[in-house]
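Shown next, in structure tokens, is the structure this report addresses.
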Amino acid sequence: MSFFFDILQTAYSNAYSSGLKKKYTAPKIYHGGKTFDLSKRWYVYYSFAHPELIGKNGNPVMVRQPPITMSINKNYKTKQERLFHLGIVSEVLLELLKDGSSPYKGEMELNNQSLEYTAIAALDYALDLKNSTLSETSKPDYRSRCNQFKKYLKKKNLADKSILSITREVVNTYLEGIVKASSARNRNNTRIVLSALFGELDDSRIIPRNFIETIKVLDTKSVSHDTYPLEVLEGLFAFMKEKDPLLLLFVQFVSYNFLRPIEVCRLRLKDIILSQKILTVRTKNKKKGSKTKIIPNIVIDEIKDFDFSTQQNFLFTPDGIGEEWEAKETSRRDYFTTRFRKLKSKYNKHLIAQGKTLQLGREYTVYSFRHTFITMLFRKLREDFSYTETCDKLMLITGHSTLKALKEYLKDIDAELPEDYSGLLVL
């Protein structure tokens with residue numbers, strides 16, 4: 001046993017001498033004495049190990065640092081206000097010290113503007129910075145979620161307080177409210193937006209760190225886009241051809257070009273180069289730039305006679321191909337999604353009239369066509385090629401940025417199924 005404690009003592013001594021000695025004292029608040037005298041100067045104080053002064057015991061000398069007031073004595077005249085704001089300063093200072101900042105390195109900058117920024121002003125400032133990097137699709141979402149958070153802060157009387165008063169607990173309570181009122185997915189999306197905004201404030205040194213990054217992401221159920229049964233496709237396509245040929249062509253771009261619905265909505269006439277049978281589109285994984293994809297002959301035959309003279313117009317609009325349409329990207333996507341949902345409802349009634357029991361529920365979407373035709377193509381290629389060879393060929397067609405992403409996608413949509421294993425179950 002004594003041998004064990006000898007080893008422990010040696011390890012502790014080595015660790016201590018290697019830098020685990022405490023370099024600072026925890027910040028404390030001087031609040032005018034026992035009577036909380038408001039006529040006196042209140043401040044935060046602490047000590048820090050001087051990098052050059054060594055005491056008789058061989059340890060750095062702890063030196064009392066200049067008091068920190070942050071204009072709080074001037075701006076706040078009550079006991080509660082001063083304690084509240086000095087408490088924030090004390091917490092921020094402790095976080096900086098824990099992160100390794102030192103007053104001797106010029107690294108520790110308690111930004112005097114931090115307390116001057118109200119929560120609302122800081123959020124507006126962060127949103128303005130973030131907008132310069134956001135897509136047109138994301139801007140409305142960020143603005144909406146930021147405004148909802150500001151309304152919450154006003155309700156809690158925090159809107160006009162310092163941005164430093166918006167703590168992890170405040171944000172967490174707000175996010176918990178979102179879960180109860182709507183869903184974990186909505187909560188997670190709000191967390192992403194707030195974290196991005198607080199990240200801007202962190203980069204600007206208005207807050208010491210972006211604590212929202214440490215708030216966990218909740219598990220959510222993915223939106224279902226089920227693969228269509230093959231026996232349904234022929235009848236559904238025939239129904240669309242009769243009732244809504246424009247919608248059918250939209251679906252064919254999703255099905256045969258393996259585009260996401262929103263990517264089809266991004267296509268302008270100028271993006272279609274018939275002579276080369278290619279198109280260019282800004283995809284999910286191409287934040288800066290576009291992806292070039294071939295247009296299969298099955299689609300070329302449908303569009304070769306269109307008028308492509310109005311190059312700047314969108315390929316798909318409510319009134320037809322290449323017409324003018326002033327609408328945001330998400331609105332264009334939602335329009336065709338709704339148009340398909342209405343047609344699907346009519347198709348279900350058509351099936352009932354024919355005495356068929358199969359019905360297409362909400363899990364069958366426009367996006368489902370992409371899953372369905374990738375599955376069909378995968379299984380067709382697998383008849384002649386190995387799994388790895390099939391994935392290599394498929395990746396060129398689907399536009400996935402990495403082989404890993406493609407394999408995860410194929411796994412999610414159950415593209416590959418095992419052969420019948422009945423023989424393995426025989427007793």
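Taking into account only those residues within the stretch 341-365 that are part of a helix (DSSP H, G or I) and small (Gly, Ala, Ser), which is least open to solvent (accessible area, probe 1.4 Å)? Residue satisfying both the conditions and the ranking: SER345.
As for the stretch 342-350, it holds at least one residue that is within 31 Å of the chain's Cα centre (by Cα) and modelled with pLDDT of 90 or more.
Among the candidates GLU200, GLU242, the residue that is farther than 14 Å from LYS344 by Cα, of a type in the set (Asp, Glu) and out of contact with any Gly (no Cβ under 8 Å at 6 or more places or on another chain) is uniquely GLU200. Pairs meeting the criteria (first residue in the stretch 316-331 and hydrophobic (A, V, I, L, M, F, W, C), second residue at pLDDT 90 or above and open to solvent by 60 Å² or more (accessible area, probe 1.4 Å), beta carbons under 6 Å, at least 6 apart or on different chains) are ILE321/PHE306.
Checking the structure you have, find out if any residue of the stretch 321-330 is surrounded by 14 or more Cβ atoms within 10 Å (Cβ to Cβ) and touching a Leu at 6+ places or on another chain (Cβ under 8 Å). Checked against the condition, which is being surrounded by 14 or more Cβ atoms within 10 Å (Cβ to Cβ) and touching a Leu at 6+ places or on another chain (Cβ under 8 Å), the stretch 321-330 yields at least one hit. Applying the criterion of at least 1 residues that are at pLDDT below 80 and open to solvent by 40 Å² or more (accessible area, probe 1.4 Å) to the helices (runs of 4 or more DSSP H) found wholly in the stretch 22-136 leaves 113-116. Applying a threshold of 7 Å to beta carbon distances and a minimum spacing of six or more residues, or different chains, the list of pairs starting in the stretch 64-81 at a residue that is without any contact (Cβ under 8 Å) to a residue 12 or more places away in the chain and ending at one that is open to solvent by less than 60 Å² (accessible area, probe 1.4 Å) reads TYR76/ARG82; TYR76/HIS85. Against the definition (surrounded by 14 or more Cβ atoms within 10 Å (Cβ to Cβ), at pLDDT 85 or above and polar (S, T, N, Q)), how does THR338 come out, yes or no? It is false that THR338 is surrounded by 14 or more Cβ atoms within 10 Å (Cβ to Cβ), at pLDDT 85 or above and polar (S, T, N, Q).
The C-beta contact set for the stretch 232-249 (first residue in contact (Cβ under 8 Å) with a residue 24 or more places away in the chain, second residue aliphatic (A, V, I, L, M) and open to solvent by 60 Å² or more (accessible area, probe 1.4 Å), distance under 7 angstrom, 6+ apart or interchain) comprises VAL232/LEU358.
The values are calculated or read from the model by the stated rules, or taken from the named source; none is laboratory data. All of these numbers come straight from a predicted model, not from anything done at the bench. No Cβ is skipped: glycine too gets one built from the backbone with ideal geometry, and neighbour counts run over all protein chains shown. Calculation scope for accessible area: heavy atoms of the full protein, side chains included, ligands and nucleic acids excluded. Shrake-Rupley method; radii C 1.70, N 1.55, O 1.52, S 1.80 Å.
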